[in-house]
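The values are calculated or read from the model by the stated rules, or taken from the named source; none is laboratory data. These figures come from a predicted structure and were not determined experimentally. Ideal geometry is used to build each Cβ from the backbone, glycine not excepted, and the neighbour counts take in all protein chains shown. Protein only, heavy atoms only, side chains kept; ligands, DNA and RNA dropped before computing areas. Shrake-Rupley method; radii C 1.70, N 1.55, O 1.52, S 1.80 Å.
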Amino acid sequence: MANHPEDLLESLNSAYRLREQAELERKENEVLLSGIRALLETDSQQDIYAKMFEILGQFIPHEQAFVLEQDSPGQMICTTSTNSVLENTHWDVDPVFKRAVLGQPCAVYSIARQPAWTHHIKLMKPAMASALYCPFSGPDVDAILVFCHHEKGFYVQTHVHMAERYREFTQQTLLSVNAKLQALESQQLKLEKERAEQSLIQSEKMASLGLLAAGVAHEINNPIGYVTSNINYLSENLSNLQAMKAQLEDVIAASRAFPDNPLTETIENAAKWMSQSSINETCEDIADLVRDCDQGLTRIKSIVNELRNFARADDDSFEDLDINDCVSSTIRLVSNELKYHCDLIVDLGETASVNANSGKINQVLTNLLVNAGHAIENKGNITVSTGQDQHPDLGNCTWFAVEDNGCGISPENLSRIFEPFYTSKEVGKGTGLGLAISYSIIEKLGGKLEVKSTLNKGTKFTAFIPTIMQNAK
Amino acid sequence: MEINVVSSTAMDTPTALKEIIGKVNGIVPSLVIAAFNTELDGELISSELNAIFDCPIIGSSSCKGALTITASDANASASLALFLINDPKGNYGVGHRELGEDPKTSAMEALDMALYASDRGYESPTLIWCMLPPGAEESILEGFSEVVGSNVPVFGGSSADNDVSGQWQQLTDVSAGTNQICVAVLYPSTAPGISFSSGYEPTETTLTVTSCEGRLLKTLDNVTAANRYDEIIKGTITPYLSGGNILALTTLHPFGRKITTADGIEDYLLSHPDAINEYGELSLFSKIEEGEHLFLMQGSRQNLLRRANRVIKNATELLPEGAKPKGILMIYCAGCMLTIEDELAIMLEALQQENQGIPIFAIYTFGEQGCFLDGQNRHGNLMISAVAFD
């Protein structure tokens, strides 16, 4: 075929494109290696960024560059920049930045069009037109590197692929290097211990609360018993007292018809005492007080019952459950609330039966799904998945997970979300009990409710429940 | 990603649509690219496809039908054909505008519409695919460049009818017409391999454009263009020097403008003379500038028969290592197709043999848009392009 001159030209063109591609890959590989070396050698965040700009700049041409780090839900902050004016500026996490936060590099052909740039574009001097967003995960950092160029549409998919390869490579390498280092320094063990301690503290906290509730209920129940009984006795006998008073009044009236009666003086003294002591009013007051006490006791009984319900999730009837059935029925219930702003992705895997109460599992699922919906401000995805796996502490478990790509939870809040009455929602919108109760329900099944979250990236709750085989052991 | 190609050979629109609909059961595409013989009704095709598919649709008439190859079927002149991309993780959008008085502005508006519809309108598309009315392609490419810059690859073709009488059509899911700029932006979940080539060889004969106006070549080397051209192609067009259609006679002898990459690699942008007017001026399918140096290019029927496979191979080689293409989308110059029309069966067989089981879809066009080796998007003639989807 290559004997024809036209074919030779075609071959030459093809070889040219392939050579360009190979050259690009060679450059990329060089950059990847030097990038990793730099990452491992640097000891400060600023140093890492400076080296990243220098290294990535070799294959991603740019005229300005800066770093956006997660700041608060829906917001990022510029922490480092080649243009100092940008430092400490706040950036909205719009849909393009959201994709970058979720790990997908993006090339923007005109920053003037992207809403997140509205307040910042005037700060770019000299003026910039296009940008490339590279997600970057380094040690203890989750950021976006932003490269800018004055030419409109300068960055295209070739740059996106380079950035993607770089992200994947550095992330994987860092993960493996970190794992090795941790193993060497027993860091892994230390972390496991810390995690176990945290889990224990949380369990203790929940158990204490349960115990406290049960104790309080018990302690209050006893006095309530005899107070109720006494009030009932008073209520029943108050009419006798009132009858006796009426009879005494009759006797007084009768004795006044016979003034010579030797008992008249005694009876008059008694009548005088009754009048002075306001016996009539006293009887009416006692009747009112008894009624009030009765109402108060009814309220106390209701509160005690609620406390006992909170403390004894294990009192309900248990059955062999298919978690996938629970997921399906819960989704039917809550999908209406979520469908307008969330795409619900359901990925049900193979699961073994668990011994639990379906109502309680549905309660947990509902709570997690509604929370996920609240975490998504505009439009997002919620993924509900199930499966079966070995849990390091629990053995063979069936699990279900609810994951959203919403605003995420900041690290300082993440450690408190299972605490009763802790809520990040607006006043009046959350009781702060949903996650605490969910945690308690799963804990009482011998399972664990775990959470992972990154600010502006999303949150994943996973409930592990030992399978029936495991329970039998 | 999954690619399906379906086609019909029925020459009345309702029957062709009925056959097509019977073949797309269960397919949920993310983008549909349609090609059809211009004897069919574009408006009806647009409305019927819109009723079936909940996705963007872009299409054009194709000279004497379209080429389709599937695992079970091959056809060089399908009356109606669809290239269906099913890529739930990708993003796709289509826009359209009437060409109007200001093609550049219309192109900008059509592209804006497509970007908006893609849901990723702020990001650079991986590829822009266009179906254009012939006549103002250079201005349309300028318009695209004005919106997204000049680095996003633009591929596509100019709609063709069956006899260059201006009966070409374009359509989208919500529009159909004869003078519409239709454009799709593609953000596929995997990077495609793309190839755009002429495959013609330059001769030693060169000419200088001494007078021209847009696509009308008035004089070459200060001689009436038709006479000078006839002289160097050895009297091939002598009977038409006072006027006439020369499209089929000049396919193997187009003009070429040299494009040199930064590395010194040479490529040629071809211009195809299609007619001579009463003044002996040559009209071309692409714009030319005064003072430009033209090479007389030469091609052969044998080469035209082989080129489709060659271009597919080039595109496939640019896919990630070891990847097998899921489908090939092609633009094939209608002039080239007409030159080898009697031997299309040979080309079809060769394509089937070389690309076993891979769905292939080609539109025959009156002008081709693509990205050259130097990274610039241009409008040319007698070109073939292929996009290999992984």
Residue by residue through B:258-266, how many Cβ atoms from other chains fall within 10 Å of the Cβ on average? 2
With a 1.4 Å probe, how much accessible area is buried between chains A and B, both sides summed, in Å² to the nearest hundred? 3400 Å²
Nearest-ten-degree value, helix B:103-118 long axis tilted from longest Cα axis of chain B: 20 degrees
At most 13 other Cβ within 10 Å, DSSP loop - trypsin sites (Lys or Arg not before Pro), region B:79-137: B:LYS89
By how many degrees, 0 to 90 and rounded to 10, does the Cα axis of helix B:42-52 deviate from the longest principal axis of chain B? 20 degrees
Accessible area drop of at least 40 Å² (1.4 Å probe, protein heavy atoms): which residues of region A:106-122 qualify, relative to the chain alone? A:TYR109, A:ARG113
Among B:LEU17, B:THR68, B:VAL28, the residue whose Cα sits farthest towards the positive end of the charge dipole of region B:1-129 (+1 at Cβ of Lys and Arg, -1 at Cβ of Asp and Glu, taken about the Cα centre) is B:THR68
The answer for the net charge of residues other than B:THR219 whose Cβ lies under 10 angstrom from its Cβ, with Lys and Arg +1 and Asp and Glu -1, is -1
For chain B, what is the mean residue ellipticity at 222 nm derived from helices alone (per DSSP H run of n ≥ 4: -39500 (n - 2.57); sum divided by total residues; nearest 500 deg cm²/dmol)? -7500 deg cm²/dmol
How far is helix B:344-354 tilted, in degrees, relative to the longest principal axis of the Cα atoms in chain B, given as a value from 0 to 90 rounded to the nearest 10? 60 degrees
What's the magnitude of the charge dipole for region B:201-298 around its Cα centre, counting Lys and Arg as +1 and Asp and Glu as -1 at the beta-carbon? Answer in Debye, nearest 20. 200 debye
Out of A:SER72, A:HIS119, A:HIS90 - ranked by how far each Cα lies towards the positive end of the dipole of region A:52-127, with unit charges on the beta-carbon of charged residues - the top one is A:HIS119
Return, in residue-number order, each cysteine of chain B whose C-beta is not under 4.7 Å from any other cysteine's C-beta. B:CYS55, B:CYS63, B:CYS130, B:CYS182, B:CYS212, B:CYS371
Quick one: dipole size for region A:319-472, taken about the Cα centre, charges +1 on Lys/Arg Cβ and -1 on Asp/Glu Cβ, in debye to the nearest 20. 420 debye
Please work out whether region A:244-289 counts as rounded, prolate or oblate from its C-alpha gyration tensor, where a ≥ b ≥ c are the square roots of the eigenvalues and a/c under 1.5 means rounded, while otherwise a/b larger than b/c means prolate and anything else oblate? prolate
Solvent-accessible area per residue for the protein assembly as shown at a 1.4 Å probe radius, Å²? 45 Å²
Per residue in region B:122-157, which ones lose no less than 30 Å² of accessible surface when going from chain alone to all protein chains (1.4 Å probe)? B:TYR122, B:GLU123, B:SER124, B:THR126, B:VAL147, B:VAL148, B:ASN151
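For an R0 of 22 angstrom, estimate the FRET efficiency from the Cβ-Cβ distance between A:SER235 and A:SER277 and round to the nearest 0.05.
The computed FRET efficiency comes out at 0.50.
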Links that overshoot a 29 Å alpha carbon limit, given the list B:LYS218/B:LYS258; A:LYS125/A:LYS379; A:LYS51/A:LYS457; B:LYS23/B:LYS326: A:LYS125/A:LYS379
Have a look at B:VAL185, B:VAL94, B:VAL148 and tell me which one the Gaussian network model of chain B (Cα, springs below 10 Å) gives the largest fluctuation. B:VAL148
What residue among B:ALA350, B:ALA35, B:ALA323 shows peak mean-square fluctuation when chain B is described by a Gaussian network model with Cα springs under 10 Å? B:ALA323
Rounded to 5, percent antiparallel among DSSP beta bridges of chain B: 85 percent
Sort B:165-174, B:338-347, A:53-62 for me by packing, meaning the mean count of neighbouring Cβ atoms within 10 Å per residue, highest on top. B:165-174, A:53-62, B:338-347
Looking at chain B as a GNM with Cα springs under 10 Å, which of B:THR205, B:THR250, B:THR38 has the largest mean-square fluctuation? B:THR205
Just the number, please: percent antiparallel of the DSSP beta bridges in the protein assembly as shown, rounded to the nearest 5. 85 percent
Taking the Cα centre of the protein assembly as shown as origin, work out the dipole magnitude from +1 charges on Lys and Arg Cβ and -1 charges on Asp and Glu Cβ, in debye rounded to 20. 920 debye
At a 10 angstrom cut-off on C-beta neighbours, averaged per residue, how do the peptides A:349-356, A:114-121, B:150-157 rank from highest to lowest? B:150-157, A:349-356, A:114-121
